[in-house]
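Chemist: Structure provided below as structure tokens; questions to follow.
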Amino acid sequence: MDVRMRSLALAFVVATLVAPAVVPAPLVAQDLEEITAQRESLEVEVHDAIAAHDDLLATIAQTENELAALEARTVELAAEVATAGDALRVRARSAFMRGDAGFLESMLSASGPQVVVDRARLLAALTRRSNGDIERASALRIQLTENRTLLAAKREELTLLEADAAATSAILQEDLEELRGLEGVLVERRDRQRALDNAVLSGTYACLIDGPYDFRDTWGAPRSGGRSHKGVDVMGLYGAEVYAFTSGSVSRLTSSSLGGINLYLWGDDGIEYFYAHLSDYASGIYSGRYVDAGELIAFNGDSGNARGGPPHVHFEVHPGGGGPVNPYPYAAAACF
């Protein structure tokens, strides 16, 4: 597969598994096998692309060697052209200095017909040699011009190859980093998930906050204004990652003076889960967004009437979207 086409395929997989989606399938154990197979297939393609990149580097090296040979031959040809030109210029100056009159005088002053014949033969040989030097010089100049044309073409080819190699390397590096990031996200999410089947929960769940965390059963404990506690307060570090308790849809994002920044998650198990006192939502989280168990949805905080107190997530459980029930057994099953 072409590197750029493979890059597009990788981007599609990343977008499908990580970016916001409206109705994806929940990420459970059997889906992870398919994702692992996709990752392994992508890794094979990346390795193939790396091999192709290595071949390209070998081609560049060969082109550089050809370029060096062309440059050396161009220098040699230039020297030969210069030498031939110098020889012609010397001969031309000699002929000019001697002139035709010198030739005629030489012929007329010769003693005897045989000497005249010998001198005529020598002059003919010199003329043929001069003509040969002229032809050789012309041929060398033509060859030099052709070599320079080849040299320019080879340099352009090398520039294109180097640019292609740089672009391919950048794509590979980006894709590999994206692939590693995707794998890390999936592995972490998988490790957070637990398959539960007990009196209160049946399905795939994850602890709602990143550690270290701590909580105890405070259901019904008195609160200000004559209220009683309807949730469980999961204490954690400020800004700690907060996860989807199970797979489902983010049903509401709200804010209030009591709960501060709130999030409602309608689980596939038919239970609505309520998060309060958040510091912020995770990127890409919106009302209607489908999330997997263990997927990052928000960050721990102290908003609402928890301002200034220890950061925590106030977590409630509403079966069927109705009244709250003690959430401690739910949270404990997924976190402890």
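Chemist: Using modelled amide H (1.01 Å from N, peptide plane; none on Pro or chain starts), what sits under 5 Å from the amide H of Leu278, excluding residues fewer than 5 places away?
Modeler: Residues meeting the criterion, in which the H sits 1.01 Å from N, are Ile261, Ser303.
Chemist: Amide H to amide H, which residues 5 or more places from Arg289 or on other chains are under 5 Å from it, using H placed in the peptide plane?
Modeler: Val250
Chemist: Under 8 Å for C-alpha pairs, at least 6 residues apart: give me the relative contact order for segment 202-335, rounded to a whole percent. It would help to have the intermediate numbers written out before the result.
Modeler: Working: 364 pairs, mean separation 39.7, N = 134.
Relative contact order for segment 202-335 comes out at 30 percent.
Chemist: Pull out the extension gain between Glu183 and Ala195, defined as 0.36 nm times the separation in residues minus the alpha carbon to alpha carbon distance; nm, one decimal. Write down the numbers at each step before the final one.
Modeler: On the way: separation 12, 0.36 × 12 = 4.32 nm, distance 2.07 nm.
Length difference between fully extended and current span is 2.2 nm.
Chemist: With a cut-off of 15 Å, note down the residues of segment 261-297 whose backbone N falls inside the zone around a label point 7 Å from the Cα of Thr254 toward its beta carbon.
Modeler: Inside the label zone: 261-266, 272-278, 287-288.
Chemist: What list of ³J(HN,Hα) values in whole Hz, one per residue of segment 206-220 in order, does the Karplus curve 6.51 cos²θ - 1.76 cosθ + 1.60 (θ = phi - 60°) give from phi, with Gly and Pro shown as x?
Modeler: Whole-Hz 3J(HN,Hα) from phi for segment 206-220: 8, 4, 7, 8, 7, x, x, 9, 7, 7, 9, 6, 10, 4, x.
Chemist: In whole Hz, with x marking every Gly and Pro, tabulate ³J(HN,Hα) for segment 159-166 from phi via Karplus 6.51 cos²θ - 1.76 cosθ + 1.60, θ = phi - 60°.
Modeler: Calculated HN-Hα couplings, in order: 4, 5, 5, 5, 5, 5, 5, 5 Hz.
Chemist: Let me ask you something else. Return the long-range amide H neighbours of Glu295 (sequence gap of 5 or more, or a different chain), with a cut-off of under 5 Å between placed amide H atoms.
Modeler: Ala244
Chemist: Round to a whole angstrom and tell me the spacing of the C-alpha centers of segment 235-258 and segment 272-336.
Modeler: 4 Å
Chemist: Sticking with this one: What full-extension length gain, to one decimal in nm, is calculated for His47 and Glu174 as 0.36 nm per residue of separation minus the Cα-Cα distance? The partial results should precede the final answer.
Modeler: Values: separation 127, 0.36 × 127 = 45.72 nm, distance 1.39 nm.
The span from His47 to Glu174 would gain 44.3 nm if fully extended.
Chemist: On to the next question. Going by a ≥ b ≥ c, the root eigenvalues of the Cα gyration tensor, does segment 202-335 fall in the rounded group (a/c under 1.5), the prolate group (a/b larger than b/c) or the oblate group?
Modeler: Working: a/c = 1.36, a/b = 1.18, b/c = 1.15.
It is rounded, given that a/c, with a ≥ b ≥ c, falls under 1.5.
Chemist: Report the full-extension gain for the segment Asp86 to Glu34: residue separation times 0.36 nm, less the Cα-Cα distance, to one decimal in nm. Mind showing how you got there, number by number?
Modeler: Values: separation 52, 0.36 × 52 = 18.72 nm, distance 7.73 nm.
That works out to 11.0 nm of additional length.
Any read-out appearing in this document is the output of simple, stated calculations on the displayed coordinates, not a laboratory observation. The shown structure was predicted, so the numbers you read here are calculated from the model rather than taken from an experiment. We place every Cβ from the backbone using ideal geometry, glycine too, and count neighbours over all the protein chains shown.
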